[in-house]
1. Going by what's in this entry, would D126 be described as surrounded by fewer than 21 Cβ atoms within 10 Å (Cβ to Cβ), at pLDDT below 95 and farther than 18 Å from G2 by Cα?
2. Within the range 129-173, how many residues are at pLDDT 70 or above and part of a loop (DSSP other than H, G, I, E, B)?
3. Does any residue in the range 5-31 that is without any contact (Cβ under 8 Å) to a residue 24 or more places away in the chain come within less than 9 Å, Cβ to Cβ, of a residue that is among the hydroxyl-bearing types (S, T, Y) and in a strand (DSSP E or B) six or more places away or on a different chain, and which pairs are these?
Amino acid sequence: MGADAVHELARRHGSGRLRPAKGQRSTVEEVRMDGKRVVLAVPTTYMNDSGAAVAPLVRRYGIEDPARLVIVHDELDLPPGGFQVKSGGGLAGHNGLRSVKAHLHSEDFVRIRIGIGKPRNGPGADHVLDRPSRRDRELLDTTTAMAADAVEVIAATSVAAAMNRFNTKTIDS
């Protein structure tokens with residue numbers, strides 16, 4: 001879900017095509033949002049090893065404050081269509097976030113959580129990789145667009161503004 005949101009941002013603000021970055025484990029595109037340079041990136045690692053892609057990007061682009069890093073990711077603890085902007089805090093058992101924290105030695109980055117719901121039966125990993133139902137797909141498409149909107153608000157104003165705007169909404173609002 002995070003990659004979908006990043007690709008949506010690339011369509012809105014850039015060429016729409018992220019390209020492999022030399023020496024990085026990601027595809028990237030630099031864009032302008034509200035006059036500010038924003039680097040969009042999607043790791044090419046397994047999700048559980050996302051930190052191995054994020055850490056070199058943070059170094060390459062000189063991001064000294066982890067709070068300037070926004071990670072958009074799927075979240076089992078939110079229902080399909082659920083959505084939350086969060087600054088810092090726990091990892092909620094998300095192995096990709098755990099990897100980012102391990103590589104950056106910080107959990108102070110911003111998260112945009114896209115709910116995919118818990119599996120009815122079976123392990124969470126299978127649920128994450130399964131194709132969503134048609135109804136869930138529609139909710140996820142809407143939520144992915146909201147995630148892109150939230151990144152735009154963060155770039156234009158602040159994380160607090162994005163939290164105030166989006167954390168009070170549900171897909172039905």
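1. No; evaluated as a whole, the condition is false for this residue.
2. 3
3. What qualifies is R17/T27; R19/T27.
The values are calculated or read from the model by the stated rules, or taken from the named source; none is laboratory data. Keep in mind it's a predicted model, so treat the numbers as computed, not measured. FYI the Cβ positions are ideal-geometry reconstructions off the backbone, even for glycines, and counts take in every protein chain you see.
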